[in-house]
Amino acid sequence: MRKLLKYLKGYHKECILAPLFKMLEATFELIVPLVVAGIVDVGIKNRDTAYIWRMCAVMVLLGIIGLVCSLTAQYFSAKAAMGFSTALRKDLFAHISRLSYRELDKLGTPTLITRITSDVNQTQAGVNLVLRLFLRSPFIVVGAVIMAFTINVPVAVVFLIAVPLISLVIYTIMKMTVPIYKKVQKSLDRISLITRENYVGARVVRAFGRQSEENADFSETNDQYTKIQVAAGKISALLNPATYVIMNLAIVAILWFGSKEVYKGVITQGEVVALVNYMSQILLALLALANLIVAVTKALASAARLNEVFETQPTLTDTGSMQQEEKSGAHRVEFKDVTFTYAGTQEPALTHIFFTAEPGETIGIIGGTGCGKSTLVNLIPRFYDVTEGEILVDGNPVRDYPFSQLRRKVGVVPQHAVLFKGTIRDNMKWGKEDADDKEIHKALSIAQARDFVESKPEKLNTMVSQGGSNLSGGQRQRLTIARALVGMPEILIMDDSASALDFATDAALRHAIREQTGEMTVFIVSQRATSIKQADKILVLDDGCLAGVGTHKELMQSCEVYREICLSQLSEQEVNR
């Protein structure tokens, strides 16, 4: 938690004023029993009604002043806690955005969502309660004990016995519940994972009729989470009975010994009432401290999880990288003996890959499932760093490029079409922030998406739902292709991004890209032999190795893997066409 305290910077005044006003409220609270003692010893004893009303007015005034102090403390503590969580959440989001695919794969999306929401909220609640109660509760306890000793030392000894006993009960219960509360956040991760999987894969779940199984899985996880919470609740439920038993026994002792002191004429009845009130104040303060400890424990557990994210540093950085100039005569893309292994795996996903791609060339990439096609193209925009070897773009190593320059050169159409909530125009401007309608329409035309966009009543102003759920799969894919084309990148990567298109639209798309993109180098990853058959160069991958490089005709003669793929999809006439 100490590492996160930097996010309270700028709220030093609030962090000082909040506990100070709480202590001021506690001071007025400690005065109240003395006023009550005066009412009993003077007003009631002497039947002085005017005195009783004056003291009641004093109590009301003390209550109003205490309320004002409490509300002021609440305001300052809430302001500091909200500022803390806002700065923390902003920094955490920015940090997660800087993480590479390697770190995101390692941490996982569900746990990151839980940490940036639930864990940040827990730390915010912890900060809020600490500012309000961390000094107030001990101040009340110590103050009440001191006030008891100023009234009568022998009776006040009861306080020295009761306070440690109540504290011991609270400590024991907290010690038992703290480990349980730490398990709660892990259970929330699992619930978040199942919820996210079912939301993202809702169509698949329903298509296979697996709703009941998924509901059962969620119910089991949710029940487990409930059991953890109930276990903590059962232990925590012992807190009030145990502490109240000790407090009531202490009050009995105060009344017992206090009555003897009253009989001796050492103290008055009103002072005995004041001692009872001080004991009640101590109990309430200790219970508030117990709640504070629970909140702080949850906050510390959440802070540790947040620090894990902050301590996960991105392995890909462009620190110190300078703008690179294109080298004359260099290949557009060149792989030099590239080997790549994913984190946490033993076997490489790609092994000793050599090839070159020239400006204006179309490069087809084909192979079986899991052979490394997507991995290969993800290395070009440097989503991952190679394990061995080197990748050059325009003659410069990709490691030397600033991310901003490299990502402007490379347009990526991901395997899963992702659109964001907003208008079609807004989504298109992801490819080029200052793109005008002419550039957007050109990209839509190349992507074979202009017709269906123009058919919409609001055209480019048509709203896209979250994830593009109000569009068909083919429409989403065409819009993502258009988005990548808006900026007219030097390199276009289409990672199996036309799988939802019919053959005619796919063929028209490839023809438009070839005719209208000029010197753009295009990488087409596909499972369809027809999609890459006309490419200038085809890369055939087999279990992470390059099984063949060449044109369709060359590979049909020299590459057995490619021949098998083509013959499994095409007729003999189509293969030779």
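Considering just Cα atoms, how many Å³ per residue does the convex hull of region 1-43 enclose? Each step should come with its number before you reach the end.
Details: hull volume 2.6 nm³, N = 43.
For region 1-43, the hull spanned by Cα atoms encloses 60 Å³ per residue.
According to the calculation over all Cα-Cα pairs in region 443-501, the P(r) per 10 Å bin from zero is 22, 56, 21, 1 %.
Can you work out the base-10 log of I(q)/I(0) for region 124-171 at q = 0.20, 0.26, 0.29, 0.32 1/Å, using the Debye formula on its C-alpha atoms alone? One equal scatterer on each Cα of region 124-171 leads to -0.74, -0.94, -1.02, -1.08.
Tell me which lysines have Cα within less than 26 Å of K260's Cα, excluding those fewer than 8 residues away on the same chain? Straight-line reach from K260, under 26 Å: K45. Using only alpha-carbon positions in region 184-252, the gyration tensor eigenvalues give semi-axes of 44, 10, 6 Å once each is multiplied by 5 and square-rooted (largest first). Based on C-alpha pairs under 8 angstrom that are at least 6 apart in sequence, the chain has a relative contact order of 14 percent.
Can you give the Kirkwood hydrodynamic radius for the chain, in Å, rounded to one decimal and based on Cα pairs?
On the way: mean 1/r = 0.0335 Å⁻¹.
Roughly 29.8 Å, rounded to one decimal.
Checking every one of the trypsin sites (Lys or Arg not before Pro) in region 1-64 against DSSP loop status and a limit of 13 other Cβ atoms within 10 Å picks out K9, R47.
Regarding region 351-448, what's the average projected area of the Cα-atom convex hull, expressed in nm²?
Here the figure is 8.2 nm², rounded to one decimal.
Note on K442: lysines with a C-alpha under 26 Å away, same-chain residues under 8 apart excluded, are K409, K421, K429, K432, K456, K459, K533. Looking at region 1-41, none of the GluC sites (Glu not before Pro) sits in a DSSP loop with at most 13 other Cβ atoms within 10 Å of its own Cβ.
Relative contact order of region 230-306: 28 percent, from C-alpha pairs under 8 Å at least 6 residues apart in sequence.
DSSP finds beta bridges in the chain, and of those with both partners inside it, around 50 percent are antiparallel.
Report note on the peptides 231-240, 478-487: ranked by the mean count of other C-beta atoms within 10 Å, highest first, their order is 478-487, 231-240.
Farthest towards the positive end of the charge dipole of the chain, among the residues F21, L376, T111, is the Cα of F21, using unit charges on the Cβ of Lys, Arg, Asp and Glu.
Between R196 and Q224, the contour length at 0.36 nm per residue exceeds the Cα-Cα span by 8.3 nm.
Within the chain, the selection of entire DSSP H helices by a Cα span of 30 Å or greater along the long axis and an average Kyte-Doolittle value of at least 1.0 returns 12-38, 269-311. The distance linking region 139-186 with region 1-77 is 21 Å (Cα centroid to Cα centroid, whole angstrom). Potential lengthening of the chain between S472 and K438 amounts to 9.8 nm, from the contour at 0.36 nm per residue minus the alpha-carbon distance.
Nonpolar atom fraction for region 468-577, defined as the carbon and sulfur part of the 1.4 Å probe accessible area, stands at 46 percent.
Other residues within the sphere of radius under 14 Å centred on the Cβ of L193, judged by their own Cβ, net out at -1 (K and R +1, D and E -1).
Relative to its residue count, region 428-577 spans a Cα convex hull of 133 Å³ per residue. Of the GluC sites (Glu not before Pro) in region 516-577, the ones in a loop by DSSP (not H, G, I, E or B) with at most 14 other beta carbons within 10 Å are E519.
Which of V333, V266, L283 sits farthest toward the positive end of the charge dipole of region 245-375, with +1 on the Cβ of Lys and Arg and -1 on the Cβ of Asp and Glu? Highest projection toward the positive end goes to V266. Would region 304-419 count as rounded, prolate or oblate if I go by the C-alpha gyration tensor, calling it rounded below 1.5 in a/c and otherwise prolate when a/b exceeds b/c, oblate otherwise? Oblate, since a/c reaches 1.5 and b/c is not below a/b. For I267, the residues whose amide H sits under 5 Å from its own are V262, ignoring neighbours fewer than 5 places away on the same chain, with H placed 1.01 Å from N. Between F159, S137, V205, the Cα set farthest toward the positive side of the dipole of region 76-213 (charges on each charged residue's Cβ, about the Cα centre) is that of V205. Under the convention that each Lys and Arg Cβ holds +1 and each Asp and Glu Cβ holds -1, the size of the dipole of region 402-557 around its Cα centre is about 220 debye. Each listed q (0.11, 0.21 Å⁻¹) maps to a log10 I(q)/I(0) for region 88-234 from the Debye sum over equal C-alpha point scatterers, namely -0.69, -1.30.
Charge dipole (Cα centre; +1 on Lys/Arg Cβ, -1 on Asp/Glu Cβ; no other charges) of the chain amounts to roughly 2460 debye.
From helices alone, the chain scores -20500 deg cm²/dmol at 222 nm; the rule is -39500 (n - 2.57) for each run of n ≥ 4 DSSP H residues, then divide by the residue total.
Counting only Cα atoms, region 397-478 measures 46, 26, 20 Å along its principal axes, largest extent leading.
List the pairs from K13/K79; K9/K175; K22/K90 whose alpha-carbon separation is above 22 Å, in the order I gave them. K9/K175; K22/K90, as the Cα separations exceed 22 Å there.
Assuming a ≥ b ≥ c are the square roots of the Cα gyration tensor eigenvalues, decide whether region 231-346 counts as rounded (a/c under 1.5), prolate (otherwise, with a/b larger than b/c) or oblate. Because a/c hits 1.5 or more and a/b exceeds b/c, region 231-346 counts as prolate. So which lysines can K186 reach, going by Cα to Cα under 17 Å and dropping same-chain residues fewer than 8 places off? Correct list for K186: K106, K227, K298.
The values are calculated or read from the model by the stated rules, or taken from the named source; none is laboratory data. Only a predicted model underlies this, so the values are computations on that prediction, with no experimental measurement involved. Note that each Cβ is placed from the backbone with ideal geometry, even for glycine, and that neighbours are counted across all protein chains shown. When the accessible area is computed, the model is the full protein with side chains, heavy atoms only, and any ligands, DNA or RNA have been set aside. Shrake-Rupley method; radii C 1.70, N 1.55, O 1.52, S 1.80 Å.
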